[in-house]
Amino acid sequence: NEAMPSDFDFLCIDIDGMDYWVLVDVLEHSDFRPKVICIEFNPTMPSDLIYIPPPPQTGESRHGTSLAALVELCQTHNYVLVETTLYNAFFVPEAVYQGSDILKELVPDTSIEALHETTMGTTLYQLYDGTLKLWGCQKLLWHRIPIQESNIQMISSQERHFPFAPPPTSGIQRADAEALYNDFIKNHVVVDVHPWCSESALDEARMECAQALLNQLQKDGFAYVRAPLEVGTCQSALELTKIFLQEVDEHVRRSCLVKDRAKRGYSPMNTENFASLLGLDNGGKNDLVRKYRMGPFSEESNNGDEETGDSEQAPKSNSLLQPNVWPSSDEWDKASDFQDTIQDYYLQIVQASNGIVSA
């Protein structure tokens, strides 16, 4: 009859479906704080997917939970991921992890990327002609039924073609950039938005631009535009970004990493996209590329606070107004050029974007 201690050693949850909601009850509706939590997740779900099954009140839903959803829940209650197996995740209190030199040495990186690889997932990808393909596990694991690619096609084989394919040519020719550009202009409608990016433009020119832009959007749903961007700035921004994402040491990129997916800075693969930045209810479906995200910055302090990396003071409640996090010149000799060039490119993009929106 002795009361169970609130900080007992080990909690294991493996009930094939409702694991997430049992853990919610433990962490949010009780005083129990186990020293180690082992909980099952659905191993077919991508590491970047936040999937939470319907709550028990809606009826039986044996879906399983994604690992990312469990990490998000546990982080809210100061637990950190330290290990995974094929089906199970292990969490310990943040205080335990930070207080253990051995644990920090064994698990220096507690991210999902470092601790888990999805080996039983099923990936669907698209070919340019509309064909849907499968990669990875191609069967319903718990039903032992094969997943046939022929059963998931959205359009028939006769209808599959690339809708933006260039017209056929009689031979293959090497062309320089100018020739390719001229050929593109010849075969596509390109709207010049310069009138909306210049305060001295005539009203008549602006109205013609606005009408042309509207016509293209109504016709195709998108429009090619020519905007006042400096070619040199664009080239430098692309070159420096390529170096940052592909060539510099990983510790340089990690110096710009923030844990909150909504903040600006370096984002590794499988961590976020614009939908997650906005907090949309999209199930956390994210893309698979590394990137560096930035937004409005303070012109008074481009370098920001040396300790926090903040380049602006912004409301923490709005994910779109978080400070940029830049690499340090102590870590990368091109850090200053990278920041200046990307900020210059950003300002030009903003000017062009404002012109398009105004039109």
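Details
- Residue in the stretch 39-57 that is in a helix (DSSP H, G or I) and either of a type in the set (S, T, N, Q) or surrounded by fewer than 18 Cβ atoms within 10 Å (Cβ to Cβ) (or both) present: yes
- Residue under evaluation SER30, criteria (1) assigned to a strand (DSSP E or B); (2) out of contact with any Phe, Trp or Tyr (no Cβ under 6 Å at 6 or more places or on another chain), criterion not met: (1)
- Verdict on THR233 being under 23 Å from TYR292 (Cα atoms) and touching an Asp or Glu at 6+ places or on another chain (Cβ under 8 Å): yes
- Verdict on GLU117 being assigned to a strand (DSSP E or B), open to solvent by 50 Å² or more (accessible area, probe 1.4 Å) and among the acidic types (Asp, Glu): no
Rundown of residues vs (1) touching a Gly at 6+ places or on another chain (Cβ under 7 Å); (2) outside any helix (DSSP H, G or I); (3) surrounded by 16 or more Cβ atoms within 10 Å (Cβ to Cβ), yes/no style:
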| position | (1), (2), (3) |
| --- | --- |
| TYR181 | no, no, no |
| CYS209 | no, no, yes |
| PRO228 | no, yes, no |
| THR241 | no, no, yes |
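- Any hit, the stretch 77-94, residues being free of Cβ contacts under 8 Å to residues at least 12 places away in the same chain and small (Gly, Ala, Ser): no
- Selected residue (only one of ALA175, ALA210 is at pLDDT 85 or above and small (Gly, Ala, Ser)): ALA210
- ASP330 modelled with pLDDT of 90 or more, open to solvent by 30 Å² or more (accessible area, probe 1.4 Å) and over 19 Å from LEU238 (Cα atoms): yes
- Each residue in the stretch 211-226 was checked for being within 26 Å of the chain's Cα centre (by Cα) and open to solvent by less than 40 Å² (accessible area, probe 1.4 Å), and 1 of them qualify.
- Residues located in the stretch 58-95, provided they are closer than 17 Å to CYS12 by Cβ and in a helix (DSSP H, G or I): LEU67, LEU70, LEU73, CYS74
- Flag if LEU134 is at pLDDT 90 or above, of a type in the set (A, V, I, L, M), open to solvent by less than 50 Å² (accessible area, probe 1.4 Å) and touching a strand residue (DSSP E or B) at 6+ places or on another chain (Cβ under 7 Å): yes
- Hey, THR122 within 30 Å of GLN75 (Cβ to Cβ), open to solvent by less than 80 Å² (accessible area, probe 1.4 Å) and modelled with pLDDT of 85 or more or not: yes
The values are calculated or read from the model by the stated rules, or taken from the named source; none is laboratory data. What you are looking at is a predicted structure, and each value in this text was computed from that prediction instead of being measured. All Cβ positions, even for glycine, are placed from backbone atoms using ideal geometry, and neighbour counts span all protein chains on display. Heavy atoms of the whole protein, side chains included, go into the accessibility calculation; ligands, DNA and RNA do not. Shrake-Rupley method; radii C 1.70, N 1.55, O 1.52, S 1.80 Å.
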